[in-house]
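Notes follow the structure.
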Amino acid sequence: MTAAETIQLTVNHPTGHYPVYVGHGLLPRLRQLASSRGPLAVLTDSNVGPLYADQLAASVVLTMPAGERHKTLATVAHFYDQLLAAGLDRGATIVALGGGVVGDVAGFVAATYLRGVNFVQCPTSLLAMVDASVGGKTGVDLPQGKNLVGAFKQPQAVIADLDTLTTLPAPELAAGMAEVIKHGLIANPDLFEQLDGGRRTNDGGSDTFTGSVQALRPAAAVIATAIQVKRDVVEADPFEQGRRAVLNLGHTFGHAIEQVTGYETGHGQAVAMGLVAAANLSARLGYAPPALQGRIERVLQRWHLPTRIPSGCQPAALLQAMGRDKKKLDGRLRFILLRDVGDVFVTSDVAETAVLATLQALREKI
Ligand SMILES: NC(=O)c1ccc[n+]([C@@H]2O[C@H](COP(=O)([O-])OP(=O)(O)OC[C@H]3O[C@@H](n4cnc5c(N)ncnc54)[C@H](O)[C@@H]3O)[C@@H](O)[C@H]2O)c1
Ligand SMILES: [Zn+2]
């Protein structure tokens, strides 16, 4: 594959389908790729807008402050005001240009403004490319918790321009890799193997593991394969009634670690620890071979991700935080466990003592 090639996937959903493009130099081609006519309203954030908005021939560029704490109804209301002031009617297309925060907010605006207008996703973070931009879930946080208000809104197209990753801060790139590794673990052993060795970049980057995480930028094919895993899962369960839960591998633990560290631990970094914990718990309960944990740790380390839970996180506090997670089913904690790479299942039948033992075993030793 040369750097110039664009990979195209198709996502089917209950009312149609849309293309996902992965490649270089795609933003200026948005109109053609998304077959969009009419005015474009680009919704972006204060980091991404100044870097890339001028590549889209937008009628209007509307900018929110960057960061999860602005993923709120107030930001949504502010966008409604600005769209109305710009005179945008139902013929307009809303374009999300940014990471998962912008994608979720802009998608919710597109789902609700004038009862819904066309929507295009241009994810610019690795996490948004491989996870948030595909599947149609949009929404915002409330003071009571994350993602508590939202809507399903399918885009016309997802355009992942890999050139944008050159400016993505290294910790954000690593965070996205945690989800890529997760997708390999959920359903694609070949992807997981590829992340464990072999060539990583498609543009002359380093083959070694000694460089910075930026030098380890994943190849277009790796990103496309990770998107395919998400695509296959959401196609099988478009409204999150069953199978989609497997996408939460590592997340029951991860969310608890985020909470207990007061969000000092980034989401991707917490998910990385959560993947190790899921493997540890799976082996402890006899589902997975004990060696699986070590394999996962090796891949995470190669992509500059942590594998141990910060020593300040008390197991009991983490367990309590898990109890508050909204992904509980019928009041029981729900875990995604592994039998092997590419073989995961959902269960609520896990003894708290086993969970506590895993949390204790993975705590960083001081
Ligand atoms: N809808 C879904 O299915 C789904 C799935 C997973 C996650 N999410 C949501 O996604 C959000 C997390 O997404 P995220 O990790 O992309 O966070 P983010 O959108 O906050 O982006 C991370 C940071 O990187 C910056 N950034 C993004 N792209 C950049 C680029 N190309 N160059 C320079 N800076 C750039 C952003 O401004 C931000 O500061 C969460 O709100 C989460 O709930 C949604
Ligand atoms: Zn995640």
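May I ask for the percentage of alpha-carbon pairs in the chain that lie more than 30 Å from each other?
Values: 24016 of 66795 pairs.
Tail fraction, whole percent: 36.
For the stretch 19-56 and the stretch 68-110, what is the separation of their C-alpha centers, rounded to whole Å?
15 Å
I need the trypsin sites (Lys or Arg not before Pro) found in the stretch 10-105, filtered to DSSP loop residues with at most 11 other beta carbons within 10 Å of theirs.
Sites meeting the loop and neighbour criteria: R37, R90.
What whole-number value in Å² describes the accessible area per residue of the chain for a 1.4 Å probe?
Values: 14790 Å² over 366 residues.
Per residue, the chain has an accessible area of 40 Å².
Put +1 on the Cβ of each Lys and Arg and -1 on the Cβ of each Asp and Glu in the chain; which of L43, I336, V101 then has its Cα farthest toward the positive end of the dipole?
I336
Where nothing but the Cβ of Lys and Arg (+1) and of Asp and Glu (-1) is charged, how large is the charge dipole of the stretch 39-121 around its Cα centre, in debye to the nearest 20?
Working: 4 positive and 6 negative charges, 34 e Å.
So the magnitude is around 160 debye.
Which aspartates and glutamates have a Cα lying under 14 Å from the Cα of K137, excluding residues fewer than 8 positions away in the same chain?
D104, E235, D237, E240
Under 1.5 on a/c is rounded, so check that first for the stretch 7-167, then, if it is not, pick prolate when a/b is larger than b/c and oblate when it is not; a ≥ b ≥ c are the square roots of the alpha carbon gyration tensor eigenvalues.
Judged from the Cα gyration tensor, the stretch 7-167 comes out rounded (a/c under 1.5).
How much solvent-accessible surface does F345 expose, in Å² to the nearest 10, with a 1.4 Å probe and all protein chains in place?
Roughly 30 Å² of F345 is accessible to a 1.4 Å probe.
Note down the accessible area of K365, probe 1.4 Å, to the nearest 10 Å².
So the heavy atoms of K365 present about 150 Å² to solvent.
Per the 1.4 Å probe, what fraction of the accessible area of the stretch 170-361, in percent, lies on carbon and sulfur atoms?
Taking all protein chains in place, the stretch 170-361 shows 49 percent carbon and sulfur surface.
The values are calculated or read from the model by the stated rules, or taken from the named source; none is laboratory data. Quantities reported herein were computed from a predicted structural model and do not represent experimental measurements. Positions of Cβ are generated from backbone atoms using ideal geometry, with glycine treated the same way; all protein chains shown enter the neighbour counts. Note: areas computed on protein heavy atoms with side chains; ligands, DNA, RNA excluded. Shrake-Rupley method; radii C 1.70, N 1.55, O 1.52, S 1.80 Å.
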